[in-house]
1. Determine the gain in length on full extension of the stretch SER188-ASN138; use 0.36 nm per residue of separation and subtract their C-alpha separation, reporting nm with one decimal.
2. Can you tell me which lysines have their Cα less than 24 Å from the Cα of LYS267? Leave out same-chain residues fewer than eight positions away.
3. Provide the gained length on full extension for the span ASP73 to ALA255, in nm with one decimal, where the gain is 0.36 nm per separating residue minus the Cα-Cα distance.
4. Can you compute the charge dipole magnitude of the range 207-309 about its Cα centre, using +1 on each Lys and Arg Cβ and -1 on each Asp and Glu Cβ, nothing else charged? Give it in debye, rounded to the nearest 20.
5. Can you tell me which of 117-123, 226-232, 98-104 comes out highest on packing, and rank the rest after it, using the mean Cβ neighbours within 10 Å?
6. Using a Förster distance of 25 angstrom, determine the FRET efficiency expected from the C-beta separation of LEU170 and LYS106, and round it to 0.05.
7. Using the beta-carbon distance between ARG276 and ALA48 and R0 = 51 Å, what value does 1/(1 + (r/R0)^6) give for FRET efficiency, to the nearest 0.05?
Amino acid sequence: MAQRARRQGLTPAFGQLVKSLLSAGVLVGVTCLTPARAMVPYVYVPRAQELEGAGLGIAQAAARLLRLGQAADAARLAALAVQLLPDDPRSWLLLAEAQLRSNQLKPAAVSLKRAKQLDPRNAGIWFAEGSLALRSNNPAEAARLLQEGIRIDGRNAGAFFDLGNARLLLGNPREALGDFERAASLRSDFWEAINNQGLVLYEQGDRTAALSRWRRVLKIKPDAAEPTLALAAGLWAQGPQHRAEAISLASRALAAEPNYVLESHQKEQLWGARLRASTQQLLALQELKTAVERAQANASPEGNTEEDL
């Protein structure tokens, strides 16, 4: 299952959120509240407008930290932003994104729920909740949330991609294939969706169509390890006339992403039994012994794969 960039931070609305915050007309950075002048015997109480400005400034700073990959610091600033902007769904969505990227799944779910209460017609929030449910191994709930979001916005390619993955996990490959096709029709360079079409087609016995999908992916993303190894396994299964190309592709894929040498990792990525069997037969070839041993030594199932970057 090819994973997109948002797999560490799951909300597809994050890019739109950043644009919204940065176009809010507030000075970027943490805005300082005007202090009381020296020797004045009273405590300065900021006005609501000043609090709002400070909150937006803090939210902007948090968004910038997230874009720099500093999720923990962003989460702390975003938590302050929601205190100053408790009724602004953008602040809660930002906090949820920071929590997700810090692997704080339960707090992120709470933040998303609050954002949805404030803005129930925001499809991006439904999609984010669906992605979180998928990440939390609850595909049935993920499918429900994603479908609700799609009713609001039926042109989000990422939502259809996630829905396809959820349906694969639920054992509905025919529906999943339709979702992946819809995702790719909405975004022609969506190589992950095209890759996953190949996964479904191969299990359905349509090897020719599956190989066509993976070749198409490699025209878009030549260095992607998953479709490279899948194509290699599919070619090997087609017959000995493809042996040389299959070996070359498999060597390249394992060098790029050693985790794919592990059948457990393949299964985690939603590779079906047929594709896994073809891959194991390919990797057993003597010509791939060195590449396989090197990949086994470097494999780290708990680590990030290329699609998590």
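Since every read-out is calculated from the coordinates, none of them should be taken as a lab result. Note that the structure is predicted; figures quoted are calculated from it, not measured. Quick reminder, even Gly has a Cβ in these numbers, built from the backbone with ideal geometry, and neighbours come from all protein chains shown.
1. On the way: separation 50, 0.36 × 50 = 18.00 nm, distance 2.87 nm.
Contour length minus the Cα-Cα distance gives 15.1 nm.
2. LYS221, LYS289
3. Numbers: separation 182, 0.36 × 182 = 65.52 nm, distance 3.42 nm.
So the chain would gain 62.1 nm between ASP73 and ALA255.
4. Working: 13 positive and 12 negative charges, 119 e Å.
That gives a dipole near 580 debye.
5. Values: 117-123: 15.1, 226-232: 27.9, 98-104: 21.7.
Taking the mean over residues of other Cβ atoms within 10 Å, the ranking is 226-232, 98-104, 117-123.
6. Numbers: r = 23 Å, r/R0 = 0.93.
E between LEU170 and LYS106, to the nearest 0.05, is 0.60.
7. On the way: r = 59 Å, r/R0 = 1.16.
So the FRET efficiency works out to roughly 0.30.
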